[in-house]
Structures are given as C-alpha cells and as structure tokens.
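Structure record follows, encoded as structure tokens.
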Amino acid sequence: MRNRNVKSSVLKLAAAAGCGLLVGCSSSVVVLSDFPTPLIEPLPVRMGVIYDAELYDFVHAEQIPQQSIWTIQLGDANIAMLEPLFDAMFLETREVEDLPVGPVDIASLDGVIHPVLQRFEFDVPIGQRDEFVEVWMQYGLSLYEPDGQFVVEWTVSGYGKSELTRNREQSVERAAIVAMREVGAAISTQFAEQADVAYWLEERQNESALAVDSRIAN
Amino acid sequence: MNPRWQSTQESPIRSLRPARLLLALAAGSVLMSGCGVTSLMEPYKQTDAVIGSGEQVVVLARKHHASHEAEGDFVECISDALARGDNGIEVHPSTQFEDMMYPWFEPSTAPLDTGELGELLDRPGVFEQVESTGVRFLIWLDGSTDRVSSGGGITCAAGVGGAGCMGLAWWEDDATYDATVWDIHELSNTGTIHADFSGRSVMPAIIIPLPFIARPQAKACRGLTEQLEQFLTSPAGDGEGINLG
C-alpha cells in the first residue's frame, strides 16, 4: 500500500514536471499595435482591398532548436497596419470580398489590391553577446483590375530588430512591429515607383482624362 | 585570565585579524584600481545657432546599422535630462515624432545627412508637419554600450553549516556615442559631440559577493546632456575636446 502511494507521488511529480517543462518551453506572442497613418499624397485611384481569412488569422508557429515552440499571432496587426496605410495611399478604399467585384464596385473602382503575408522569419539569440531579436517578413501585393484581370504582383519585405530583454516575448513583438512599420514605409513610398504599377496608374489617369473630355464634348 | 596561555597561544579570533586586514587591503586596492569610469568628450559646434523660446528638440536613435543601435533607455535618459530643471529645454517625445512623421523617420527612410533632410522637407506636407511639432533641432544618437571584456570567477558552495562564495569577477563596459545636432530651420549640421566612457566593474566575493559596479552609460548620458545643453544655448562652440574624466 505504501509502495503504491510512493509510486503515485512519483507519477504526479513527473506529470507536474512534464507540464512545467511544456509550459516553460512554449512562448506565445500576440502582436498588437496602433500603426500611424502615413504622411503621403494619395494616388488618384479608387481601390478595393481584399483582406482574406489567412491575413486576418495569420499565426506563425515554429520550434527553435534548444529553445521553445513559438507561436506568433499577427492577424490583428496585419489589419491595423494595412488599413490606415491603404486609406492614406489612395483617393478612396473599400473592402471587397472577392474577384471579380460586384456590379456596383466594378463601375466605381479603378483596381483591387490583395495583400498576402508570404513569409515570416525570426531569430531569438541564445548567447549573451547577441543583443538583438530579429524579425524579417515578406508581403506580396497583387494588383488586379476590378474584373479580376491580374496586373502585377510586387513583393515587399521589412526587417526589424529589438534589444533582447528578459521578456523575450516582448522583444519579439517589438521587433515584429519595427519590421511591419518598415513594410508599411516601403509600400507607401515605393508602390507607385514600381514600373508596372506606374504604367497602370498612367493608364488610369489617361482613362479619367478621356472620360472628362467626352463629358465636356457631350 | 591565564597568562601562560596568553603568552604561548594566541586567541583564534586575534590570529585571524592580520589575515583579514591583508585580505581587506588586497580587495580595497583591487577595487580602487579596478572600479571606475574613464571618459573622453569631444564637442564640435559648427554654427552659432541656439534654441529660441517655444522651439523644441527631439532625440532620435540611428537605427540603420545592423550591428548596433542606441538603446531606447539611453535615448530616454538624454531626453529626460535635457527637459529637467528650471532651464530645461522643451523636448518632443521621440516615439510621437516618429509616428507623426511616419514613414519618413523609419530605419530605412530616415535622412542620413542634411541634404536628404532638405529633400524630405520638400515633400508635400512634410515641412508643415515638422512645423506643427515645434521641433527645430534633431539630435541623432549613434552608438551603444558594449561589454568589451570580462574575467575572473566566483565559486559558491552550500553545506550543513552554511553557505558562502569566494573569488573575484570583473568586467569592462564601453559606452561610445555620437550626438549629431541638425538645425531644421537652417538645414545645417550644427555640430557633433563624441562621448567615450569606459568603466570596469569588480565583484569580490568573501562569503558574500560585493558588487562595485561602474556605470559608463549613465555617465555618458550625464556628460552628453551637459554638452548638448551648452550646444543648444551658447551661440559659439569652442570646438575643442574636453576631458571630464
């Protein structure tokens, strides 16, 4: 009887230790931040934006050797970063569900943007000499005509680093926010400079000018 | 009292005294020679610009280097110290400034010289936004505090009769920073202050570890702040390096 009690205690201890190890070996980060509205001139186009479920619910899970299993939730931050960004970049933006857009939107939109978070990589150093947590992420921005015709895809990346503190999760979150701000900076300052995008914008402006001319002629 | 015992055998407590004294002297000399901060400040002011009433400064960290970055708490230390006191300078919060000027002061987009700053201010709405913050001077902090060497060791043990440590550990930190001041109104580089503070900390352990920690980063913050105050309030800089050590 006493032997059974000892065994039971040992099992309980092992289970507790196992649970402790499991809890201790997993790190969870929810990236939450307010992103500022960029100080830029809006491009003269009205755009639809597709925020799909993958972007809304993006979670990166990775086991780092000698460390732990990391889960990093970026869904809310994706939307918090992209919404004010596109609102400032274009004359008008509207969320659309799918392509081709509905009959109302097809007449009132110049194009549709579909952002996708393609890659997320991060590094949490082990050594004391390494001072920074690093995050690298890559988004793909696909530009479509409202009828669903593909125009161009542009990949844009951002890098962020943050001082490694005792709170490793917080350091990863900070580095991710820096990387996302970098992505936002690149999109807002370089989108219109991409050759295919610049050509597409020129076409839209020519179409607008023609439409104005025909209205004046009538 | 037994006089015989006294003459032939010393009290165990007494016999420890010279040893303790020697140990204390040794530890003291190590501490005196080892613990401390050496410093070098080199301020160089190029213009006569001074801060006017109602004008503000903002302290920003240079973030485009892969290897180092001025620490957030160091930026905060300089900002707080400049704003402190009766004659404190008006300091705009760094994060708020970066948010208001987004995306133009991110690591990849921030201007690297006053020429690029001029180009940035020519962009639509940017100069007006800077004006609305009230900021006239940008103070760029570049550098970091790094551990350059360390050595020694402390061993601790615990037993039935008690616990204790024995040994000596030391480490040396180097705080090297450049503060570059830009005048937004004049679109010019007002000057640069170079600060190099080095400090060696020691921790002897005789039963209890006793840390004697040198804080070169805190001293660099104090030194840079004093120089920046002079920079921003005195019309002419002497351009000479001074040693505060």
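A few remarks follow.
- Every pair of residues 6+ apart whose Cβ atoms lie under 7 Å, when the first sits in the stretch A:61-83 and is within 16 Å of residue A:170 (Cβ to Cβ) while the second is in a loop (DSSP other than H, G, I, E, B) and not β-branched (Val, Ile, Thr): A:68/A:25; A:74/A:58; A:77/A:32; A:77/A:33
- Here residue A:188 meets each of (1) surrounded by 19 or more Cβ atoms within 10 Å (Cβ to Cβ); (2) outside any helix (DSSP H, G or I); (3) polar (S, T, N, Q) with one exception, condition (2).
- Residue ID - surrounded by the most Cβ atoms within 10 Å (Cβ to Cβ), chosen from residues in the stretch B:105-158 that are charged (D, E, K, R) and under 21 Å from residue A:184 (Cβ atoms): B:106
- The stretch B:38-75 - residue that is over 21 Å from residue B:104 (Cα atoms) and part of a helix (DSSP H, G or I) and, of those, farthest from the other protein chains (Cβ to nearest Cβ): B:74
- Any pair with Cβ under 8 angstrom, 6 or more apart, that starts in the stretch A:24-50 at a residue that is more than 14 Å from chain B (Cβ to nearest Cβ) and outside any strand (DSSP E or B) and ends at one that is among the hydrophobic types (A, V, I, L, M, F, W, C) and surrounded by fewer than 19 Cβ atoms within 10 Å (Cβ to Cβ): A:25/A:69; A:32/A:80; A:50/A:99
- Filter pass, residue B:180 being within 23 Å of residue B:112 (Cβ to Cβ) and either in a strand (DSSP E or B) or polar (S, T, N, Q) (or both): yes
- Of the residues in the stretch B:74-81, at least one is within 30 Å of residue B:200 (Cα to Cα) and either over 17 Å from the mean Cα position of the chain (by Cα) or among the charged types (D, E, K, R) (or both).
- Taken over the stretch A:98-139, the criterion of being assigned to a loop (DSSP other than H, G, I, E, B), under 23 Å from the mean Cα position of the chain (by Cα) and surrounded by fewer than 17 Cβ atoms within 10 Å (Cβ to Cβ) is satisfied by A:98 alone.
Where a number appears in this text, it was derived from the coordinates with a stated rule and is not lab data. No experiment lies behind these values; they were computed from the predicted model shown. Please note: Cβ atoms are built from the backbone with ideal geometry, for glycine as well, and neighbour counts cover all protein chains shown.
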